[in-house]
Amino acid sequence: MPTLNEIRSTFLNFFERNDHQIVPSSPLVPRNDPTLMFTNSGMVQFKNLFTGVEHRDYSRASTSQKCVRAGGKHNDLDNVGYTARHHTFFEMLGNFSFGDYFKEQAIPYAWDLLTKDFGLDKEKLLVTIYHTDDEAAEIWKKYAGLPDDRIIRIATDDNFWSMGATGPCGPCTEIFYDHGPEIWGGPPGSPEEDGDRFIEIWNLVFMQNERFEDGTMRELDMQSIDTGMGLERIGALLQGKHDNYDTDLMRSLIEASANITDGAPDGPGNVHHRVIADHLRSTSFLIADGVMPSNEGRGYVLRRIMRRAMRHAHLLGAKDPVMFRLVPNLVGLMGQAFPELGRAQALIEETLKLEETRFKQTLDRGLSLLDAELKGLPEGQNLPGETAFKLYDTFGFPLDLTQDALREMGRAVDIDGFDAAMAEQKAKARAAWSGSGEAADSTVWFDIAEEKGTTDFLGYDTELAEAQIMAVVKDGDRVDTAKAGDTVQFVLNQTPFYAEAGGQVGDTGTLETDSGTARITDTKKVAGVFIHFGEVTKGEIANAQAAKLEVDHARRTSIRANHSATHLLHEALRKALGDQVAQRGSLNAPDRLRFDFSHAKGLTAEELAQVETEVNSFIRQNSPVETRIMTPDDAREIGAQALFGEKYGDEVRVVSMGTEDGSGKGLDGQTYSIELCGGTHVRQTGDIGVFVTIAEGASSAGVRRIEALTGADAFRYLSEQDHRLAAVASELKSRPEDTVDRVRALLDERKALTAEVAQLRRELAMGGGASKGEGAEAKDVGGVKFLAQVLNGVSGKDLPPLIDEMKARLGSGAVLLIADAGGKAAVAAGVTPDLTDRVSAVDLVKAAVPHLGGKGGGGRPDMAQGGGKDVENAQSAIEAAEQVLTG
Ligand code: SER
């Protein structure tokens, strides 16, 4: 009996043998489709190949695609666990031709695989075709030898497959298996078709049309093939089972669930184990593909599935969290085919455990409230909507969880009442918003949030996505279209663009629709709505259009590197300066990073070098950067750094990187950096490249700021510095490593020379040929020895030492020196200490200055200075000073 893993391999091997490229499953969150919540069939990742918009280097492909159907159009959640073939998660096996082969080959492939490789009995197979598709009928007849009564023509949409309201589509042929008359049911198209006797196993779609928004269709230029076969269904058939949950893989999970709860897979708890087995698969795969539980969008669908499983575990009497303990079983069963599961195992376990622990706290209380309400309700009456809303609002019971609980008692919820209670609560919240003093223009974002829901952020995993435009806003008002030249803001249902937060700048890039293109210059968010600031550069962009969004990759790559480097810098600073270092702010821009932190004094060169060295060593360690979701308390427990004063929600995103030995802290006692952070990061620390600080200084009292560069910018900076050093070395005629000594020696030499020049000047002034009044003699003026001299070639600042020297030479007396410094005159006077009672140097200068065309002058009684511009009048200035002495 082949296992599901073997059946998957047989399928893929068959098509590989037939020249198909085996393509890995695409993620559950579609990157290229704005209308789909989750990938729900194999063709989703190939959508644009069918329409000819995209080309790849293969024209035949085969996949085993992960699919989730829960929330949105195909919502099977209510039935899952209770029926034989409903799942929230399943694998779709498919083969695809993009303008390569068509029906003539697709049908034979399917027939051969089923009847030869899978060995199904030809007599038990029958098919449906679209009622006008004679061609397909002919091939079935000729190749498979099917008689007319086993080729059933169907005129409805059942045999015209389309992905959604728009997109590629075409007639299809479905292959059915007849389980025999002992099971009730009729062939497709008959009144008994819903019975279990005839089971559809494979759908072959002949993609030849494209449907547009207005309902019209065109013939595609090329004819393609898209087939889909549920692995669980074909598995059940090949394993001789009638119920998908009896296949080896599902059975293993059911037994694992029983093992850790009631021990009886087939006892009264069977349906609960089935729910747990199915939901374990969808939740684990969704988390592995980047979806996190939340109260909006995809995250809310995930939460609904998780909580539904948790209620069933509760019904089994489980006291402790169950789901997270089953993850290793799932990884063991499916990890080889889907390696992403193993890579995300820790994250899946932690996320499930956290959700289970938190939900458990309210589950009991919610269920007893529900019991009490039901006791008072007459038989058959629906649960009042208000109660269901209270369960939702206060106890975290998604509506479908309450419905699921009631189903077992044959009751339902009054949905109108639930909707009314929900609307009332929204109205109250809205009233609170307007009263909160938000900026006036932000009310439009609140309106959009309320009407259209918030924006789903995809940018942790992708920089390219399609999305639906939810609103176009121009000058604060919503508009229908924007044309080339307009500056507007766009809101979309989902986006890869990061909105400015936590120091990380908003993304830029492009937005493109069928009719126009816009440049996105910034992204911000208000009330959960991502605002894309755009300038329409071409054509026209209309509200409600589908748009292709592409983040500027190079810019985002640099931002990622700078953001991750900031985390390493933070930790390195704590290591170098002490644990009291706390983040005060940061900027993660494409071209630089800035980090502000509390620290009383500047970093020494050694400290800065230590920090830089440490950051670079963790970059070279190239450890993966990991993210997980926790409660703020748990995060603090493992030593995560949080921003002081910041408000955090019930759940926080924790980013960790680097491994060190024996630090005694962290997730595992060894993690280097752990921070609460919503930003985007590199995959591995090595992606940062290199880190270099370019400035360290005070930002405000007690707060230091470090600016730094990473990657190409850091390299460019270092390389420029290197070239500068080489140029300096060449000027100095030394080797770069000797430049510091060379410069020091030059500075010493310069200092010595300066002193020598000053000395020479003085000597020259006093005795050499530079002075006019050569060999000036002191004369007696009013009983004081007075020496006055005009000096050439000296400056004002040379005068004081000369005055001192002359005073010393006189022993007792007064000196007046006037420097002729090229168009400027400087004057200084000195009086020996024995005479300062009688004469003040200040008075001498003040008397002389006006004659030199200056003003003022000042100093002490023994030494004063002043200046002017008319050195020609030096003689009268000297005379004026003499008059002061004569009194
Ligand atoms: N797209 C078709 C389906 O989902 C065949 O793969 O059934």
message: Could you check segment 855-887 and list, in sequence order, the residues that are in a loop (DSSP other than H, G, I, E, B) and at pLDDT below 90?
response: Lys855, Gly856, Gly857, Lys869, Asp870, Gly887
- prompt: Would you call Thr510 open to solvent by 10 Å² or more (accessible area, probe 1.4 Å) and assigned to a helix (DSSP H, G or I)?
  reply: no
message: Every residue in segment 522-532 that is open to solvent by less than 60 Å² (accessible area, probe 1.4 Å) and either part of a strand (DSSP E or B) or among the polar types (S, T, N, Q) (or both), please.
response: Asp522, Thr523, Val526, Val529, Phe530, Ile531, His532
field: Matching entry among Glu91, Glu6, Glu16 (being under 23 Å from Ser282 (Cα atoms), surrounded by fewer than 21 Cβ atoms within 10 Å (Cβ to Cβ) and modelled with pLDDT of 95 or more)
entry: Glu6
query: Which is in a strand (DSSP E or B) and open to solvent by 30 Å² or more (accessible area, probe 1.4 Å), of Asp843, Asp804, Asp837, Asp780?
result: Asp780
- line: Per the filter on segment 70-87, residues modelled with pLDDT under 80 and open to solvent by less than 20 Å² (accessible area, probe 1.4 Å) are Gly71
Of the criteria (1) in a strand (DSSP E or B); (2) open to solvent by 30 Å² or more (accessible area, probe 1.4 Å); (3) of a type in the set (Ser, Thr, Tyr), which one Tyr143 fails: (1)
message: Scan segment 772-782 and tell me whether some residue there is modelled with pLDDT of 95 or more and either small (Gly, Ala, Ser) or closer than 30 Å to Val831 by Cα (or both).
response: no
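Limited to segment 42-63, what total is found for residues that are of a type in the set (S, T, N, Q), open to solvent by less than 10 Å² (accessible area, probe 1.4 Å) and away from the ligand (no atom under 12 Å from the Cβ)?
0
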field: Hey, Leu93 within 16 Å of the ligand (Cβ to nearest atom) and either part of a strand (DSSP E or B) or closer than 30 Å to Ala405 by Cα (or both) or not
entry: yes
- prompt: Of all residues in segment 24-37 being modelled with pLDDT of 90 or more and within 22 Å of Leu492 (Cα to Cα), which is most open to solvent (accessible area, probe 1.4 Å)?
  reply: Pro27
query: Which of the residues that make up segment 124-140 are more than 16 Å from the ligand (Cβ to nearest atom), of a type outside the set (A, V, I, L, M) and in contact with a Pro (Cβ under 8 Å, 6 or more places away or on another chain)?
result: Thr132
message: Within segment 146-157, take every residue that is within 16 Å of the ligand (Cβ to nearest atom) and β-branched (Val, Ile, Thr) and give me the one that is surrounded by the most Cβ atoms within 10 Å (Cβ to Cβ).
response: Ile154
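Listed here are the residues, each with its yes/no results for (1) acidic (Asp, Glu); (2) in contact (Cβ under 8 Å) with a residue 40 or more places away in the chain.
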residue: Leu511; (1), (2): no, no
residue: Asp514; (1), (2): yes, no
residue: Thr521; (1), (2): no, no
residue: Ala527; (1), (2): no, yes
residue: Gly534; (1), (2): no, yes
- prompt: Tell me, which residue of segment 125-136 that is surrounded by fewer than 20 Cβ atoms within 10 Å (Cβ to Cβ) and in contact with a helix residue (DSSP H, G or I) (Cβ under 8 Å, 6 or more places away or on another chain) is farthest from Pro188 (Cα to Cα)?
  reply: Glu135
- prompt: Among the strands (runs of 3 or more DSSP E) contained in segment 158-271, which hold 3 or more residues that are within 16 Å of the ligand (Cβ to nearest atom) and touching a residue at least 60 places away in the same chain (Cβ under 8 Å)?
  reply: 167-178, 198-211, 217-230
message: Being at pLDDT 90 or above and either part of a helix (DSSP H, G or I) or not aromatic (Phe, Trp, Tyr) (or both) is the requirement here; does Ala729 meet it?
response: yes
message: I need the strands (runs of 3 or more DSSP E) fully contained in segment 535-641, keeping only those with at least 3 residues that are open to solvent by less than 20 Å² (accessible area, probe 1.4 Å) and farther than 30 Å from Glu512 by Cα.
response: 593-598
message: Conditions first: (1) closer than 21 Å to Gly290 by Cα; (2) within 12 Å of the ligand (Cβ to nearest atom). Phe38 passes all but one, so which condition is the exception?
response: (2)
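The values are calculated or read from the model by the stated rules, or taken from the named source; none is laboratory data. Note that the structure is a prediction, hence the values are computed from the model and not measured. In this analysis, Cβ positions are derived from the backbone assuming ideal geometry, glycine residues included, and neighbour counts consider all displayed protein chains. Side chains are part of the model used for accessible areas, which takes the heavy atoms of the whole protein and leaves out ligands, DNA and RNA. Shrake-Rupley method; radii C 1.70, N 1.55, O 1.52, S 1.80 Å.
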